Amino acid sequence: MIIGTGMQIFPGVQQVMIVGRIIYGIGMFVCEVIVDMMIFNLCNNKNIYKYYSYVNVVQSVSVLLAPLLAASLISVYG
């Protein structure tokens with residue numbers, strides 16, 4: 001993810017920025033899968049539904065709040 005983020009600071013070179021976005025997205029996906037596996041390894045068959053609902057709620061809220069936070073940071077700092 002760090003390499004992908006670093007590649008996105010070159011706005012003049014479009015190919016490098018696109019590859020950086022792809023690498024960043026793959027890194028985010030791998031991190032999400034690792035966190036999901038860690039959470040599901042902690043649960044048993046009786047409470048797996050509860051943990052799955054927690055993971056789903058956190059992911060949904062983060063998808064909703066990320067654009068709002070980005071917009072507010074842009075409006076404050078330009």
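Tabulated data
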{"quantity": "Fraction of alpha-carbon pairs over 18 Å apart in the chain - percent", "calculated": "61 percent"}
{"quantity": "Ellipticity estimate at 222 nm from DSSP helix runs (n ≥ 4, -39,500 (n - 2.57)) divided over the chain, nearest 500", "calculated": "-29000 deg cm²/dmol"}
{"quantity": "With every protein chain in place, the chain: carbon and sulfur % of accessible area (1.4 Å)", "calculated": "74 percent"}
{"quantity": "Per residue accessible area of the chain, 1.4 Å probe, in Å²", "calculated": "84 Å²"}
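The values are calculated or read from the model by the stated rules, or taken from the named source; none is laboratory data. Note that the structure is predicted; figures quoted are calculated from it, not measured. Just the protein is used for accessible areas: all its heavy atoms, side chains included, with ligands, DNA and RNA removed. Shrake-Rupley method; radii C 1.70, N 1.55, O 1.52, S 1.80 Å.
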